[in-house]
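**Student:** I'd like to ask you about the structure that follows.
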Amino acid sequence: MTVRPIILAAGVGKRMRSSLPKVLHRICGRPMIRYVLAAVDEAGLGRPVVVVGRGAEAVQVEVGDGATFVVQAEQKGTAHALLVGLEAAPDGEAVLVLYGDVPLLTGQTLERLVAHYRDARPGVTLLTASLPDPAGYGRIVRGTGGTVTRIVEEADASPDERAIREINAGTYVFDGALLREGLRHVQPTNAQGEYYLTDVIAWTLSRGARVDALPVDDPVEVLGVNSRRDLARAEAAMRERLLDRLMDGGVTVVDPQTTYLHADVAVGEDTIIQPGSSLEGTTRIGRGCVIGPNARLVDATIGDGAAVVASTVVQSVLGEGSRIGPYSHLRPGSRIGRRVEIGNFAEVKNSTIGDGSKVHHKSYLGDATIGERVNIGAGTITCNLRDRSGKKWPTIIEDEAFIGSDTMLVAPLRIGKGATTGAGSVVTKDVPAGAVVVGVPARVIRPSEVGG
Ligand code: UD1
Ligand code: CA
């Protein structure tokens with residue numbers, strides 16, 4: 001029996017107070033709807049249908065080709081959304097309903113839910129959880145003998161019902177035919193004036209079909225995101241999950257409380273993450289590295305055995321055994337070789353630095369190509385912006401060059417192999433290999449050695 005996943009993601013998300021559709025708010029770097037899709041994918045079910053409404057286009061762009069979209073033009077409630085979604089679901093299939101704002105649900109739990117439905121074949125199997133603070137969720141009302149009788153939304157609940165701790169996760173498997181019929185019977189006669197999907201539960205029972213409730217193992221999975229406060233809670237829970245996975249993979253996280261991690265980050269064994277570090281985007285870190293304290297890596301690639309201390313690396317590559325920091329910044333497009341030492345207080349942008357080079361103190365290297373074993377003296381600046389046109393000019397520094405402290409390299413410029421610039425020189429012309437230049441503007445005081 002095919003089970004068709006339908007994800008409801010059309011809601012206005014009023015409580016977020018945001019111009020961004022709720023399901024596109026990010027948790028650990030990923031729009032929350034992508035977690036729901038990943039769980040569906042993990043459970044090995046058919047192609048999902050996603051019901052979109054508010055910000056439909058943006059949601060479709062984010063989800064891409066992995067789903068079929070149906071637009072719910074007006075948001076009249078979850079029952080109405082599902083009715084719209086069913087237009088894209090073939091008759092004769094069972095339906096797995098998910099809400100796009102429940103991002104911590106795992107594929108494993110979905111598998112369990114679907115397996116229960118397949119084995120027991122009730123009218124509905126729904127997922128529930130017992131929460132210490134059930135505020136905001138629909139409550140599961142059970143009758144004598146403990147069978148589920150209905151779901152009551154908080155806004156419509158009596159004080160007694162509000163005291164119920166068992167809540168509706170918003171994840172259900174329905175018999176398709178029964179669901180289609182049940183949805184037509186739902187009326188918006190409730191505190192919110194909406195068509196509630198949850199009303200289908202009592203209707204199903206009234207038709208003599210069974211409703212099974214499956215409690216989730218870990219209540220954190222059912223956390224629904226309605227507000228910015230919920231968003232922060234979901235972030236914390238997801239982060240804890242991701243950090244546990246990292247530690248299980250052989251990474252030392254010295255202080256999980258102050259380590260921030262995105263979902264698409266990978267870290268190799270025996271790397272140590274020191275406190276106050278944020279690993280973001282598609283960052284890849286090798287084995288045996290030391291990251292932090294206070295490092296921020298965004299879409300960075302860090303080779304084995306490298307160290308990043310109190311520095312920021314954005315869309316750049318740091319090679320094996322290289323060190324950066326404290327207090328340095330690799331801006332986008334920087335490719336740093338092996339055993340390179342960078343910083344204190346160095347800024348590198350869109351530049352290549354060859355193996356074994358050193359940029360120890362207070363420098364700016366922009367749009368530069370630097371060879372191997374080059375020494376960049378303290379305070380060296382590539383003057384890559386010469387006028388107001390905005391055009392950046394390249395600087396090339398060949399292998400084993402020695403750039404003296406406080407050298408201004410006025411681009412475009414080439415410093416030949418093994419050349420030396422004196423302290424404080426302002427270099428405006430290419431320097432031949434092996435030559436020594438000093439002064440303002442720099443002049444050759446010792447020409448290249450023959451064959452140098
Ligand atoms: C819903 C459930 C509640 C459950 C909780 C779990 C109903 C009536 N209530 O409440 O029992 O405990 O989720 O998190 O189902 N949506 C649409 N179109 C609409 C309305 C909503 O697509 O017209 C989508 C939303 O984008 C959201 C999901 O359905 O992803 C749930 O809607 P929401 O308004 O957040 O329901 P809750 O009040 O959280
Ligand atoms: Ca919700």
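The values are calculated or read from the model by the stated rules, or taken from the named source; none is laboratory data. Model, not experiment: these values are computed from the prediction. All Cβ positions, glycine included, derive from the backbone under ideal geometry; neighbour counts span all protein chains shown. These accessible areas exclude ligands, DNA and RNA; they are computed on the full protein's heavy atoms, side chains included. Shrake-Rupley method; radii C 1.70, N 1.55, O 1.52, S 1.80 Å.
**Student:** Which one of these is part of a loop (DSSP other than H, G, I, E, B), in contact with a Ser or Thr (Cβ under 7 Å, 6 or more places away or on another chain) and in the same structural domain as residue 111 (by TED's automatic domain parsing): 197, 205? Working first, answer last.
**Tutor:** Details: 205 fails: part of a loop (DSSP other than H, G, I, E, B).
Exactly one residue qualifies, and that residue is 197.
**Student:** Follow-up question, since we're still on this one. Where the second residue is of a type in the set (D, E, K, R) and assigned to a loop (DSSP other than H, G, I, E, B) and the first is within 14 Å of ligand 1 (Cβ to nearest atom) and lies in region 211-225, which pairs have Cβ atoms under 7 Å and are six or more apart or on separate chains?
**Tutor:** Once the first residue is within 14 Å of ligand 1 (Cβ to nearest atom) and sits in region 211-225, its partners that are of a type in the set (D, E, K, R) and assigned to a loop (DSSP other than H, G, I, E, B) give 224/101; 225/101.
This table checks each residue for (1) open to solvent by less than 10 Å² (accessible area, probe 1.4 Å); (2) within 14 Å of ligand 1 (Cβ to nearest atom).
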residue: 87; (1), (2): no, yes
residue: 95; (1), (2): yes, no
residue: 104; (1), (2): yes, yes
residue: 110; (1), (2): yes, no
residue: 114; (1), (2): yes, no
residue: 127; (1), (2): yes, yes
residue: 133; (1), (2): no, yes
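**Student:** Among the candidates 183, 242, single out the residue that is more than 15 Å from ligand 1 (Cβ to nearest atom), out of contact with any Gly (no Cβ under 8 Å at 6 or more places or on another chain) and either open to solvent by less than 20 Å² (accessible area, probe 1.4 Å) or part of a loop (DSSP other than H, G, I, E, B) (or both). Let's see the steps before the verdict.
**Tutor:** On the way: 183 fails: more than 15 Å from ligand 1 (Cβ to nearest atom).
Matching residue, one of 183, 242: 242.
**Student:** When region 304-321 is examined, which residues are found to be open to solvent by 20 Å² or more (accessible area, probe 1.4 Å) and under 19 Å from the mean Cα position of the chain (by Cα)?
**Tutor:** The answer is 312, 314, 315.
**Student:** Quick test for you: out of 396, 415, 403, 342, pick the one residue that is under 20 Å from residue 313 (Cβ atoms), buried (at least 17 other Cβ atoms within 10 Å of the Cβ), in the same structural domain as residue 315 (by TED's automatic domain parsing) and modelled with pLDDT of 95 or more.
**Tutor:** The unique qualifying residue is 342.
**Student:** What are the pairs with Cβ atoms under 7 angstrom where one residue, in region 80-91, is farther than 15 Å from residue 173 by Cα and the other, located anywhere, is outside any loop (DSSP other than H, G, I, E, B)? Sequence gap at least six, or different chains.
**Tutor:** Matching pairs, first to second residue: 81/8; 81/51; 84/51; 84/70; 87/70; 88/49; 88/68; 88/70.
**Student:** Same structure, new question: Out of the helices (runs of 4 or more DSSP H) lying entirely within region 21-123, which hold 2 or more residues that are within 22 Å of the chain's Cα centre (by Cα)? Show your work before the answer.
**Tutor:** Numbers: elements: 32-42, 56-63, 78-85, 107-120.
It comes to 32-42, 56-63, 107-120.
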